[in-house]
Amino acid sequence: MVQYFDISEWEEHQYYGTGGTRDKAVVENPMDSSLYYFKTSLKKKVIDYKYEFWSEIIASEIGDALGLEILHYDVAWKDNCLGCLSKSMIDQENEELQEGYKWLTGFDAQYKVNDKEAYTFQAIERLMANRFKQEGFIKDIIKIIIFDSIIGNEDRHQENWSIIVRNKRTDHNTLFRRKRADIESSYKFAPIYDSGSSMGRELTDSKISQMLKDSVQLEAYIKRGQSEIHWEGEKGKQKHLELISKISANGYKDIIIEIIQSINQKYNEGTIIDIISNIDNCLPEEHLELKMPGFRKDFLIKLVSLRFARLFELQL
């Protein structure tokens, strides 16, 4: 359930970035001293994606309803702005969140972070096969790719997935009674996060009004959706379902079928409608004008329903 928090009085900490383009702040909850991330929507001179943080929250609720491990987001008010709020995914004392690009560059010295064409499924696959085969993290990546096809996320860049490293210190007594400390590390794939570049966040209200009346435009919009994860040897981005099909044909058909079947079993159209229709019910009266317009919710319900249908119809 999405809750509303006024975090105006929460202590703000110096921000240590996790990438991305939106304004973010690290704040401390005075009730339990936990750290939280507060994010607003992207706004620049010619861009105002004012519903982007709602996309983040809706995507999180949908992912949770589908049984995916996904970061939970609430609504928060800070500095006269409404945004989304998420609790830190790690234990600050013993864990570290290491983003995808750190692993890709550490594994392959030739990998160039700024070369978008190098950010391919195969590059991720090689990393996972050589470094995290036992953990099975390749399945987690495929889950994210499939989830992105449902919400239409086009920004799953190499900072928008991570591995949590847990460091455990073990002290040993030596023959000379001096202690030696060993650090043992274990790894966990981080919950899905930063999914706000989805759910039509870039579409103006007028464009949405058009697509609600024109199914051809809406279908074209869905078909144009692309993944940020590229395919080795091919120029440009891959369309969501095309990427899934190529991954399936390259040895992962059983995994993809298993994931899609699991999603299909948990999918309930009524639940999706309820999530989107009531996503902003938590807002207090003083912020009612910041609710998402009803016609935009209608559009998102239609959009997501069609994306589910296209995924379930996919012939592998």
>> Considering only residues that are without any contact (Cβ under 8 Å) to a residue 60 or more places away in the chain and part of a helix (DSSP H, G or I), which ones fall in region 300-316?
In response: 301, 305, 309, 312
> Does region 34-52 hold any residues that are assigned to a loop (DSSP other than H, G, I, E, B) and out of contact with any Gly (no Cβ under 9 Å at 6 or more places or on another chain), and which are they?
Replying inline: 34, 44, 45, 46, 47, 50
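Rundown of residues vs (1) assigned to a loop (DSSP other than H, G, I, E, B); (2) in contact with a Phe, Trp or Tyr (Cβ under 7 Å, 6 or more places away or on another chain); (3) under 21 Å from residue 164 (Cα atoms), yes/no style:
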{"position": "32", "(1), (2), (3)": "yes, no, no"}
{"position": "54", "(1), (2), (3)": "no, no, no"}
{"position": "59", "(1), (2), (3)": "no, no, no"}
{"position": "67", "(1), (2), (3)": "yes, no, yes"}
{"position": "101", "(1), (2), (3)": "no, no, yes"}
>> Residue under question is residue 86, and the condition is that it be buried (at least 20 other Cβ atoms within 10 Å of the Cβ), part of a helix (DSSP H, G or I) and hydroxyl-bearing (Ser, Thr, Tyr); does it hold?
In response: no
> If the Cβ limit is 7 Å and pairs must be 6+ apart or interchain, which residue in region 98-109 that is on the phi > 0 side of the Ramachandran plot and at pLDDT 95 or above pairs with which residue that is part of a loop (DSSP other than H, G, I, E, B) and not acidic (Asp, Glu)?
Replying inline: none
> Could you give every pair whose Cβ atoms fall below 9 Å, whose first residue belongs to region 262-288 and is within 16 Å of residue 73 (Cβ to Cβ), and whose second residue is among the polar types (S, T, N, Q), counting only separations of at least 6 or pairs across chains?
Replying inline: 282/3
> Can you name the residue in region 15-49 that is among the hydroxyl-bearing types (Ser, Thr, Tyr) and at pLDDT 75 or above and is also surrounded by the fewest Cβ atoms within 10 Å (Cβ to Cβ) among such residues?
Replying inline: 33
> In region 140-171, what count of residues is obtained for those that are acidic (Asp, Glu) and touching an Asp or Glu at 6+ places or on another chain (Cβ under 7 Å)?
Replying inline: 3
> Limited to region 103-153, what total is found for residues that are in a helix (DSSP H, G or I), among the polar types (S, T, N, Q) and more than 18 Å from residue 195 (Cβ to Cβ)?
Replying inline: 3
> Within region 92-133, can you find the residues that are among the hydroxyl-bearing types (Ser, Thr, Tyr) and surrounded by 17 or more Cβ atoms within 10 Å (Cβ to Cβ)?
Replying inline: 101, 111, 119, 120
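The values are calculated or read from the model by the stated rules, or taken from the named source; none is laboratory data. Quantities reported herein were computed from a predicted structural model and do not represent experimental measurements. Heads up, the Cβs are rebuilt from the backbone with ideal geometry, glycines too, and the neighbour counts pull from every protein chain shown.
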